[in-house]
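What follows is a short report on a single structure.
The values are calculated or read from the model by the stated rules, or taken from the named source; none is laboratory data. What you see is a predicted model; the values in this text were computed from it and never measured. Cβ: placed from backbone, ideal geometry, glycine included. Neighbour counts: every protein chain shown.
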Protein chains: 6
Amino acid sequence: MNDAESDIHVESTGRRVLRELMGEEYLRVKDSRRNDFNDVLQDYAEDVCFGRVWGRDGIDRKQRSILNIAILTALNRTGPLKNHVEGALNNGCTPDEIKEVLLHTAVYCGLPAATESFRVAEDVLRERGLLE
Amino acid sequence: MNDAESDIHVESTGRRVLRELMGEEYLRVKDSRRNDFNDVLQDYAEDVCFGRVWGRDGIDRKQRSILNIAILTALNRTGPLKNHVEGALNNGCTPDEIKEVLLHTAVYCGLPAATESFRVAEDVLRERGLLE
Amino acid sequence: MNDAESDIHVESTGRRVLRELMGEEYLRVKDSRRNDFNDVLQDYAEDVCFGRVWGRDGIDRKQRSILNIAILTALNRTGPLKNHVEGALNNGCTPDEIKEVLLHTAVYCGLPAATESFRVAEDVLRERGLLE
Amino acid sequence: MNDAESDIHVESTGRRVLRELMGEEYLRVKDSRRNDFNDVLQDYAEDVCFGRVWGRDGIDRKQRSILNIAILTALNRTGPLKNHVEGALNNGCTPDEIKEVLLHTAVYCGLPAATESFRVAEDVLRERGLLE
Amino acid sequence: MNDAESDIHVESTGRRVLRELMGEEYLRVKDSRRNDFNDVLQDYAEDVCFGRVWGRDGIDRKQRSILNIAILTALNRTGPLKNHVEGALNNGCTPDEIKEVLLHTAVYCGLPAATESFRVAEDVLRERGLLE
Amino acid sequence: MNDAESDIHVESTGRRVLRELMGEEYLRVKDSRRNDFNDVLQDYAEDVCFGRVWGRDGIDRKQRSILNIAILTALNRTGPLKNHVEGALNNGCTPDEIKEVLLHTAVYCGLPAATESFRVAEDVLRERGLLE
């Protein structure tokens, strides 16, 4: 067994989910930003969010991504929303599904919430060459 | 063509969606509460929410119900949440899926939000004989 | 000058505004609930809210009542909303104006917010014999 | 009847309200940003927000602008707030009225909310040469 | 070693913290309400909230209780707030400290938020014979 | 008595607290930004927030700073949060205490809220040479 394999074998559920959801590069940047202050939050994100919750069956990852687009719109968190629009596309959501979810938030969270989230999603789609 | 058929034919998309989502009884109670003050909101709910948005394809109704459980948890609206947990069950969500969506909100909306929504959902499940 | 007159003359701006907005009975109940724990909040409400802000010119009291109906809907505070729907009626708002303000919140705060506020407002209107 | 006239005649209520509220230039920029992703939101904004709600009588447009300044402060939406401070000035609100509305939010939404909205409003007033 | 001792030794950190914070009776009621639907949330609360976070040093439990009174006021969660006012008193907060924290929220979260939290706290103080 | 002394003697409680909390430079910048539009908010901040509330005994200033870090995280106000992280450090909070408070918010306000606040706090710590 070589080193790379052993690394994979000891990887936590959370890191594996995060890698599959956001990709290698995201994880590499995230790890490079780890420091004595934010280590406790990074561990919390990996263990609790991605390990304990995203790692569960019951609803699939595409469903979790779709939920997050709606939740982060309701909570007015545009920074994390950007990450999860990217994760949603990685998880197989189409731009049309994202559009539909965001229109749905217009009715329930209000038009200003939906307007800001459309703008965030458009930026991601444009960066990926999926719009215009 | 008899009167009942003609009634059905002129029914708006919104009323049809609402009827399929919440059932006859819900619509009957809702109509009986209509008055000179809330008519404008009832029309808005039927035309905009259930006609213009829920009436669309792109994501299915079960998906819209699941979104609402998460959104209403984030927005702290326990009254409307109760209705949409009922709608979710009508739309084919299982208690296990609702449980999974609510656990997901614990991470993103915080534990107090999830705790209150679990309580609301438990009440609905118990009323329907799906719990205990 | 008799005692009653002298009482009126030393009354703070905040208490005078509160009396004019909510009526004698409201103030009497409020005073009877004053205790060693909430005194600091009651003083804050009278001095800061009703004295320092409501006591100002620039926008009139009916305008402040209308603002509060919208703000308390956005903030999801149905208890204080009830008081301010009553204050709005005392300040000369018509039921039709309140209806219009609440419909406006449906677009900006979302339908669940407006639905709960319509329900609160309907209760107040019914108590006053202004509905049904 | 020439083409310009016919254009005006078929314009929707929502576009007419939006034009009167925000001006030609705003509408031109908005239209140029329309794409396959956001078209559904732009239609929603025009039909539901500006057509169905802003297009109503009952409260005037200046009143709706004032409401939005308070609502968007409560909802913590500084981007849309900027647009509606501009709309408020277009609708005849004075800087002193806007100041008064924002001070009112300090009591109900909290000081941090009001502080951020004052900053947004100051930027707009400065751009229009109405401050400093 | 008797059974009681062995129970204590295998108890999770989360359950121990919860027991010390809220008391035996609270834990007994909580356990009796555990079912197939909410078990996942109860585990999350014990492991993540009370084990992983409350179980840490760095700030003491009285400080965590005080934080929660402020946070739950800001988040508008009156149900969980009631529990944490009780926890705060169990953790050594005095009614005067709770009063001071709640007055502080009046400035930052707005008066309606503080008003509702004062009411919740008064109810707890009255139940414990600490008020009136 | 010279002029400087007389200035100090007439300084309001609010300005004194603000000076001690945020430093001379902060107050100087703040005063330089005072204008005909924001004067009413600046007075409100000095008199109500820093004079009437921060000026009180009952809980100390370090406690008030810690509360604000949690409250501003819950309210999603990253601009004011930055100021109060600085104030917290001025008031004797250590980076480890700030870290602990922010981890606490992850459970109650949700991970996205904590993530954004960690980023704001890291920026302040880096500016002060307390991180990396």
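Looking at (1) surrounded by fewer than 20 Cβ atoms within 10 Å (Cβ to Cβ); (2) modelled with pLDDT of 95 or more; (3) among the charged types (D, E, K, R), which is the only condition A:GLU132 fails?
Result: A:GLU132 passes all but (2).
Tell me which residues, restricted to the range D:84-109, are touching a Phe, Trp or Tyr at 6+ places or on another chain (Cβ under 6 Å) and either buried (at least 24 other Cβ atoms within 10 Å of the Cβ) or β-branched (Val, Ile, Thr) (or both).
D:LEU102, D:ALA106
Conditions (1) modelled with pLDDT under 95; (2) in contact with a Leu (Cβ under 7 Å, 6 or more places away or on another chain); (3) farther than 26 Å from C:THR94 by Cα; (4) not assigned by TED's automatic domain parsing to the domain that holds D:VAL17, marked per residue:
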{"residue": "D:PHE37", "(1), (2), (3), (4)": "no, yes, yes, no"}
{"residue": "D:GLN42", "(1), (2), (3), (4)": "no, no, yes, no"}
{"residue": "D:ALA74", "(1), (2), (3), (4)": "no, yes, no, yes"}
{"residue": "D:ASN91", "(1), (2), (3), (4)": "yes, yes, no, yes"}
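Under 11 Å from the mean Cα position of the chain (by Cα), under 21 Å from C:ALA114 (Cα atoms), of a type in the set (A, V, I, L, M, F, W, C) and buried (at least 17 other Cβ atoms within 10 Å of the Cβ): which single residue out of B:LEU41, B:LEU81 fits that description?
Working: B:LEU41 fails: under 11 Å from the mean Cα position of the chain (by Cα).
Going through B:LEU41, B:LEU81 in turn, just one is under 11 Å from the mean Cα position of the chain (by Cα), under 21 Å from C:ALA114 (Cα atoms), of a type in the set (A, V, I, L, M, F, W, C) and buried (at least 17 other Cβ atoms within 10 Å of the Cβ): B:LEU81.
Whether any residue in the range E:112-122 is surrounded by fewer than 18 Cβ atoms within 10 Å (Cβ to Cβ) and under 24 Å from A:CYS49 (Cβ atoms) is what I want to check.
Within the range E:112-122 (the criterion being surrounded by fewer than 18 Cβ atoms within 10 Å (Cβ to Cβ) and under 24 Å from A:CYS49 (Cβ atoms)), the answer is no, since none of the residues qualifies.
Quick one: which residue in A:GLU132, A:GLU116 is on the phi > 0 side of the Ramachandran plot, in contact with a Lys or Arg (Cβ under 9 Å, 6 or more places away or on another chain) and acidic (Asp, Glu)?
On the way: A:GLU116 fails: on the phi > 0 side of the Ramachandran plot.
The conditions single out A:GLU132.
Which members of the range F:61-70 meet the condition of being touching a residue at least 24 places away in the same chain (Cβ under 8 Å) and not basic (Lys, Arg)?
F:SER65, F:ILE66, F:ILE69, F:ALA70 - these are the residues of the range F:61-70 that are touching a residue at least 24 places away in the same chain (Cβ under 8 Å) and not basic (Lys, Arg).
Need the failing condition index for C:ARG34 against (1) closer than 21 Å to C:PRO112 by Cβ; (2) of a type in the set (Lys, Arg); (3) away from chain D (no Cβ under 13 Å), just the number.
All conditions pass for C:ARG34, except number (1).
Taking the stated definitions as given, is A:GLY23 within 10 Å of chain B (Cβ to nearest Cβ) and at positive phi?
Judged against the criteria, A:GLY23 is not a match.
Among the candidates F:CYS109, F:CYS93, F:CYS49, single out the residue that is farther than 25 Å from D:ASP123 by Cβ and within 15 Å of the chain's Cα centre (by Cα).
Every option except F:CYS93 fails the conditions.
Quick one: which residue in C:VAL29, C:VAL10, C:VAL53 is crowded, with 20+ Cβ neighbours inside 10 Å and β-branched (Val, Ile, Thr)?
C:VAL53
For D:ILE59, state whether it is closer than 18 Å to C:LEU102 by Cα and within 13 Å of chain C (Cβ to nearest Cβ).
Answer is yes for this residue.
Could you please let me know if B:ARG19 is of a type in the set (Lys, Arg), free of Cβ contacts under 8 Å to residues at least 24 places away in the same chain and either touching an Asp or Glu at 6+ places or on another chain (Cβ under 8 Å) or under 24 Å from B:ARG128 (Cβ atoms) (or both)?
Here the answer is yes, as B:ARG19 does meet what is asked.
Is it the case, given these coordinates, that F:GLU122 is under 26 Å from E:ARG77 (Cβ atoms) and of a type in the set (Asp, Glu)?
So F:GLU122 does not fit the description; no.
Would you mind stating whether D:VAL48 is within 13 Å of chain C (Cβ to nearest Cβ) and more than 27 Å from C:LYS62 (Cβ to Cβ)? Spell out how you get there, then give the answer.
Details: within 13 Å of chain C (Cβ to nearest Cβ): yes; more than 27 Å from C:LYS62 (Cβ to Cβ): yes.
Answer is yes for this residue.
Just to verify a result, which residue in the range E:71-120, among those that are in contact (Cβ under 8 Å) with a residue 40 or more places away in the chain and facing chain F (nearest Cβ under 9 Å), is nearest to B:CYS109 (Cα to Cα)?
E:LEU72
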